[in-house]
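Undergrad: Structure incoming, see below.
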């Protein structure tokens, strides 16, 4: 008997949200993708590749473990079986066995300490996968009707989640610092105690990092240890948030002072570290931030001495415009396809849904090159129309542009021709899927959970743009309030590009935005719009960036004409959905300045 089955592999959101360090997020996202691939691969083994509907990559080899394909957590397939329950059990068994035998066991075996609770850790990991499934008789019924029934059943099934509590023999064991639910598997005697001498405390802190990559205040469960210590084939490519923040600084150093200057500086910094700490991080780049030394150095006197030495090394680096100084901010990008529900509903046949899956799979595979190779970032996840990535701030906007264009082209017969026929149709037969993107610029030491939440919020605001294809950027500085700008992707991107260009060329002053913002706060709401524009233009003419004195009259004229174009978009009618205030413009100028490659 023919059935349409849908599988959902989890946990997803809660699992990702508990990441405290960038590596937790990086490995955890990859691990969920691997489990989805194992499930999809098992389905193909028991049925056929032709029966797999979503995901449906260009060839079945991409479903093999450790391939560069990121699989979504949802799987749709047609199955010929009289026992869907047994079929689902076979899929779950394959998934759990892969997690335990191929991922968890080698990781736990490699841990040097023999005092951690291995039994509890293994039990917690085995209990981790959440596999929900539904099955609807297919036979000769219409595909779109059967799929709609299956989707409704899946929603109902997810609302009846299974909860199992895995506990150790001692119920007083501290809970995980990451999820607050599972028990810690690290013996409390391994943590520094106030009764310990400073040398003993330092030794314990060092061992916690060596054995578990844990800080002195972190209690970790077996699942946490798997995310923290699990191996991946592309491990050497891993970059932390601090690494991302350091990249623009090091690139500028090379640009101004010549090839190899970045490596020379990093070697000099590493040279002042005590021998015991020279292997604290495989990515030397983080050491340009002397604040990171607190992760590994316990002794306050030693820490103060090391921080001063690193600062002195950096202070020696000067160029014509002043001293080099690393910007401690990086970007986290989230992207999601628009109207995908309508697009999927528009696929009335199995093969149409497979073609959609192929287009999404192709896009997902190309994302890694765009993020990692073309923009020096780190792709965390790319499954279908979902993307999550770290980026240097000076690459964030250009990466967003490349992703948005690539996504649009994924649904064209000819990716080089914007007028080519749409390949995948939505319900109205005319709408091509678009991408909305949220970007957060945050401090490299900000809690990752907070930055992830800001990124979700930015993405949500981008998707509230009428017709979608939105772009939202939040600047979260450690001093002051967060600033967010939102707009239609093409319009906002063009304006920001112009602002970045003007700022980079020293044409637009950094103080201009703040004076415009103050003007917006000072004038009453009923102030005439034309008068507001005149006063704003007067401020722009008056303010000029240092170094911009040599501008020609022609350059000044082009600049003012560009600004006049921005001001024509202003609207004081706050009831208008397209309301665009002077504060919005000021925020855009402030964020554009942050995105410029500066030191």
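The values are calculated or read from the model by the stated rules, or taken from the named source; none is laboratory data. Since we're looking at a predicted model, the values are computed, not measured. Please note: Cβ atoms are built from the backbone with ideal geometry, for glycine as well, and neighbour counts cover all protein chains shown.
Undergrad: Counting just the residues of the range 386-399 that are surrounded by 24 or more Cβ atoms within 10 Å (Cβ to Cβ) and free of Cβ contacts under 8 Å to residues at least 60 places away in the same chain, which one comes out nearest to residue 40 (Cα to Cα)?
TA: 387
Undergrad: Which residues, taken from the range 107-127, are out of contact with any strand residue (DSSP E or B) (no Cβ under 9 Å at 6 or more places or on another chain), in contact (Cβ under 8 Å) with a residue 40 or more places away in the chain and outside any helix (DSSP H, G or I)?
TA: Residues satisfying the conditions are 110, 111, 112, 113, 115, 116.
Undergrad: Right, another one. Checking the structure you have, find out if any residue of the range 150-170 is surrounded by 14 or more Cβ atoms within 10 Å (Cβ to Cβ), in contact with a strand residue (DSSP E or B) (Cβ under 9 Å, 6 or more places away or on another chain), modelled with pLDDT of 90 or more and not in a helix (DSSP H, G or I).
TA: Within the range 150-170, none of the residues are surrounded by 14 or more Cβ atoms within 10 Å (Cβ to Cβ), in contact with a strand residue (DSSP E or B) (Cβ under 9 Å, 6 or more places away or on another chain), modelled with pLDDT of 90 or more and not in a helix (DSSP H, G or I).
Undergrad: In the range 44-65, what residues are closer than 20 Å to residue 103 by Cβ and crowded, with 18+ Cβ neighbours inside 10 Å?
TA: Pass one, the range 44-65, residues closer than 20 Å to residue 103 by Cβ: 45, 62-65.
Answer for the range 44-65, where residues must be closer than 20 Å to residue 103 by Cβ and crowded, with 18+ Cβ neighbours inside 10 Å: 62, 63.
Undergrad: Now for a separate question. For the range 487-514, name all the residues that are closer than 27 Å to residue 341 by Cα and surrounded by 19 or more Cβ atoms within 10 Å (Cβ to Cβ). It would help to see each step written out before you state the result.
TA: Quick first cut of the range 487-514, residues closer than 27 Å to residue 341 by Cα only: 487-493.
Across the range 487-514, the qualifying residues are 487, 489, 492.
Undergrad: Is it the case, given these coordinates, that residue 68 is surrounded by fewer than 16 Cβ atoms within 10 Å (Cβ to Cβ) and in contact (Cβ under 8 Å) with a residue 60 or more places away in the chain? If you could, list the steps in order and put the result at the bottom.
TA: Values: surrounded by fewer than 16 Cβ atoms within 10 Å (Cβ to Cβ): yes; in contact (Cβ under 8 Å) with a residue 60 or more places away in the chain: yes.
Yes, satisfied.
Residues are listed down the side, and each one gets a yes or a no for (1) assigned to a loop (DSSP other than H, G, I, E, B); (2) within 29 Å of the chain's Cα centre (by Cα); (3) closer than 11 Å to residue 79 by Cα:
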site: 3; (1), (2), (3): no, no, yes
site: 7; (1), (2), (3): no, yes, no
site: 14; (1), (2), (3): no, yes, no
site: 20; (1), (2), (3): yes, yes, no
site: 24; (1), (2), (3): no, yes, no
site: 29; (1), (2), (3): no, yes, no
site: 38; (1), (2), (3): no, yes, no
site: 45; (1), (2), (3): no, no, no
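Undergrad: While we're looking at this one, here's another question. Name every residue in the range 61-70 that is modelled with pLDDT of 90 or more and touching a helix residue (DSSP H, G or I) at 6+ places or on another chain (Cβ under 6 Å), in order of residue number.
TA: Listed by number, the list holds a single entry, 63.
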